[in-house]
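The block underneath contains the structure these notes are about, expressed in structure tokens.
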């Protein structure tokens, strides 16, 4: 297989994993923030 | 008197084709109201830079030597040197976005991540078609459905196709109301599209709204440092909006800053629309791949929602997944409209808006991640 295709597949795997990792950490942080600040309603 | 006809005799058919393309962009902007703030300057710029010996470009004049052209100068200072224009635009975009619908239903964040799959699928197709990894990644990022991110990534990766990529990104963003219904109907049934979702938003404290942009910046910066300029400027704009003590700056960022940068960005991008660079077979391929990226994004979002439904008691309308692309707020409106078409009581707007702003965050993270990973390859 062409080297660029292999790189693109590697990019797909690493890229989607990185995006989901960042989003899941943000998700967890938001959940914690919502709980911690639940008394301080807008 | 030869100099009077020198311009006319130097015209090439490629330049005439670019005038036509410029005319089409101006027509779409004015007659069809398609992203007029960008397509109109780009269209006019395409004509400007394709006039033989155009004074807006750098050139060597007999007896005068090297002469700077304004569009080349704007491109070099405003985009090439530091990506200033697309980044400053993010401050305004951040100031415009209300993350409230997302914060009140944070699981919608996941759809933003899922819908970025179209970027990577398109990168692979582009690589299969023979583009090198830098160009393939720059073409794939059209699927971020985010013009400034597309421009920035293609610049940082030094792609040879910045012009076609910018045109494709903005054109397809304007075509979201046509592209997405087709893609969504392709992978959903009528029954799927009729699923109703309750809207029980959690109340969001002011502290959460204030902390959100700071925490997102830190998390994104730590995990994907290359995304920090994109995410950081977006979140800086949002912090100005939410802090409550900089209303005048927030308004300036949302209106004056965005208008000024948009005005210059469109015409500056035209520096990459010179006939010799633009009139190529690759441009046609890039336009096709850009369309594919938007379709892949929408399908990936829908399929991800269907996957989540396997584990959920309260089902998600799979169309919400397609709103995970960054084209805000067009995509959310499309989903709301499609929901109402299936059932006049099926209101999906707030869920779709949440997924849509999540797409905005995920697309800039995707841009940074791609810059980071491709840079290491």
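So here's what we get for this one:
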quantity: Chain lengthening between residue B:77 and residue B:62 when straightened (0.36 nm per residue, less Cα-Cα); calculated: 2.8 nm
quantity: Tilt relative to chain B, helix B:349-376 - C-alpha long axis, 0 to 90 degrees, to 10; calculated: 50
quantity: Rg(Cα)/(2.2 N^0.38 Å) for the range B:1-150, N = residue count; calculated: 1.39
quantity: Neighbouring partner chain Cβ atoms per residue of B:121-128, average, 10 Å criterion; calculated: 5
quantity: Two-site FRET efficiency, residue A:35 against residue B:200, from Cβ-Cβ distance with R₀ of 22 Å, rounded to 0.05; calculated: 0.85
quantity: Gyration tensor over alpha-carbon atoms, chain A, equivalent ellipsoid semi-axes in Å; calculated: 39, 6, 4
quantity: Computed helical MRE - 222 nm, chain B, DSSP H runs ≥ 4 contributing -39500 (n - 2.57), nearest 500; calculated: -21000 deg cm²/dmol
quantity: Most mobile of B:265, B:128, B:103 in a GNM of chain B (Cα contacts under 10 Å); calculated: B:128
quantity: Cβ-Cβ FRET estimate between residue B:8 and residue B:30, R0 fixed at 22 Å, reported to 0.05; calculated: 0.20
quantity: Residues B:172, B:27, A:27, sorted so that the one with the fewest Cβ neighbours within 10 Å comes first; calculated: B:27, A:27, B:172
quantity: C-alpha long axis of helix B:281-309 to longest principal axis of chain B, angle in °; calculated: 10
quantity: Residue with peak Gaussian network fluctuation, chain B [Cα springs, cutoff 10 Å], from B:279, B:258, B:223; calculated: B:223
quantity: Burial ordering of A:35, B:209, fewest other beta-carbon atoms within 10 Å first; calculated: A:35, B:209
quantity: Cα-based equivalent ellipsoid of chain B: semi-axis lengths in Å, sorted from largest, via gyration tensor; calculated: 38, 23, 19
quantity: Anisotropy class of the range B:159-208 from Cα gyration tensor, a/c 1.5 cut; calculated: oblate
quantity: Mean separation of Cα contacts under 8 Å, 6 or more apart, over the residue count of chain B: relative contact order %; calculated: 29
quantity: Cα centroid separation, the range B:255-319 to the range B:1-30 (Å); calculated: 29
quantity: Top of B:154, B:363, B:250 by mean-square fluctuation, Gaussian network on chain B, Cα under 10 Å; calculated: B:250
quantity: C-alpha long axis of helix B:176-187 to longest principal axis of chain B, angle in °; calculated: 50
quantity: Sorted by Cβ density within 10 Å, fewest first, the residues B:54, B:227, B:82; calculated: B:82, B:54, B:227
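Every read-out reported here was derived from the displayed coordinates using simple, explicitly stated rules and does not represent laboratory data. Here the structure is a predicted model, which is why all the values come from computation and not from measurement. Don't worry about glycine lacking a Cβ; one is built from the backbone with ideal geometry, like all the others, and counts go over all protein chains shown.
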